[in-house]
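Structure, as structure tokens:
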There are 2 protein chains.
Amino acid sequence: MSSPTRKQIKREQLLDYGVQALMNQGYHGTGLKEVLDFVNIPKGSFYNYFDNKEQFAAEAVGHYIEPFIQRLTGHLQNPELDGLGVLKRYYAELIVEVELADYKGGCLLGNLIGEVGDTSEICRCSLLTTVERYARLQESALVRGQQEGTVRTDRSAKSMADLLLNGWQGALLRMKIQRSTAPLEDCCSTLLDDYFKA
Amino acid sequence: MSSPTRKQIKREQLLDYGVQALMNQGYHGTGLKEVLDFVNIPKGSFYNYFDNKEQFAAEAVGHYIEPFIQRLTGHLQNPELDGLGVLKRYYAELIVEVELADYKGGCLLGNLIGEVGDTSEICRCSLLTTVERYARLQESALVRGQQEGTVRTDRSAKSMADLLLNGWQGALLRMKIQRSTAPLEDCCSTLLDDYFKA
């Protein structure tokens, strides 16, 4: 594998900083000039990397979710965890981290859906693809739990994965204003420790 | 009761338009100039109405929720509805309306929490007060359902009301990108027709 080119490195830096800026300031609050200045790229060169701001945000969405997908995949490959245990471990880790982050940020997917999910078609498509990819990975953990006999089988794993993801998104919003992990803990205990159980 | 003053009427118009602008363009995407132009108020006069943009958005949050509170209160006062029936009727109406609105907008509370719930303390406080007021009204319907024997009593009405509100917020986000009411229907049927039942 050849080493990344300068352009690839700069592109990665733009997306790294873009994720942070979009998380802290939202889509409309994020200026391209600020992003370019941070990465030290002249304004005219932005279009060598992305078609426009919408395309940049759409790609930042995929860039943002990647570490979450990798971590969840790692738990799915851990032979010590059963299907339900994968999700419990994963969400317990996230709860610790949002507390360390002082309840700030939440989820970039949820934040951007709220702000531009209905006004930017490019962002909507990226958000939809990304959320579906993330949901289907959680579904695979629930399918495994069903096969192991710990997860109920009278509801589809797909429907339960969607409920979990949506419930978590709503709980993250509540966490931000309450400045407390209680909504997240309630969401996980209700679904993973009670409603989903066989 | 005296008729509203010109200042009160203008203030109401500012908040009406503010709710629409914040819903469509988010906090950072909403310019005060645009709001003032629409209501025909010179820029310098804005501060006769609100301290600043944050204060304006914080008041728009309360202005936005008022019709929802009134409608839910109306259902609570309807002698033909039991506690669980109040919530089922209320959410069924909202589902019809989001479909008519072509899945746009979602909930201003959720959108603003995502965008500025962690960066504007003035907005956070207003969002917290408003969400709590709305949640406690839903709690009162669940308390009635518990007294009527249709809602489970092994969980507190408060905890169930919070789950319902948070689950609905997450489902609204998903609705926006899927352009479908399915996530909303799943949220209501899971909680109101199954999990909350006695």
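Nothing in this text is a laboratory measurement; each read-out follows from the coordinates by a stated rule. None of the values given here were measured: they were computed from a predicted structure. Cβ placement follows ideal geometry from the backbone for every residue including glycine, while neighbour counts extend to all protein chains displayed.
A few comments on the model shown:
- Sorted shortest first, the separations between the residue B:31 label point and its copies elsewhere in the assembly read 1.4 nm; each point sits 7 Å from Cα along the Cα-to-Cβ line.
- Relative pair counts by distance (%), Cα atoms of the protein assembly as shown, 20 Å bins: 26, 56, 17, 1
- Where N is the number of residues in region B:53-195, Cα Rg divided by 2.2 N^0.38 Å: 1.05
- The eigenvalues of the Cα gyration tensor, multiplied by 5 and square-rooted, give region B:126-198 an equivalent ellipsoid with semi-axes of 22, 17, 7 Å from largest to smallest.
- Order by protection proxy (mean Cβ within 10 Å, highest first), peptides B:96-103, B:133-140, B:181-188: B:181-188, B:133-140, B:96-103
- Long-range amide H partners of residue B:151 with built H, under 5 Å: B:146, B:198
- Shielding by partners - mean other protein chain Cβ count within 10 Å, residues of B:79-91: 0
- Centroid-to-centroid separation of region B:152-198 and region A:61-139 [C-alpha atoms, Å]: 20 Å
- Calculated from backbone phi, Karplus (6.51, -1.76, 1.60) coupling profile of region A:47-55 in Hz, x at Gly/Pro: 6, 6, 9, 9, 5, 5, 5, 4, 5
- Relative contact order (percent, whole number), region A:53-195, Cα cutoff 8 Å, 6+ residue spacing: 31 percent
- Helix-derived mean residue ellipticity, 222 nm - over chain A, DSSP H n ≥ 4, -39500 (n - 2.57), to 500: -24000 deg cm²/dmol
- Modelled spin labels at residue B:133 and residue B:89, positioned 7 Å past Cα toward Cβ, are 2.3 nm from each other.
- Peptide B:190-196 has a mean of 3 when you count, residue by residue, the C-beta atoms of other protein chains within 10 Å of its C-beta.
- 10 Å Cβ neighbours from other chains, averaged over peptide B:128-140: 1
- Alpha-carbon Debye profile of region B:1-52, log10 I(q)/I(0) at 0.17, 0.29 Å⁻¹: -0.51, -1.22
- From phi via Karplus (6.51, -1.76, 1.60), per-residue ³J(HN,Hα) for region A:96-109 in Hz, x at Gly/Pro: 4, 5, 5, 5, 4, 7, 6, 6, 9, x, x, 10, 4, 4
- Under the Debye formula (equal points on every Cα, no solvent term), log10 I(q)/I(0) of region B:68-119 at q = 0.13, 0.21 Å⁻¹: -0.44, -0.83
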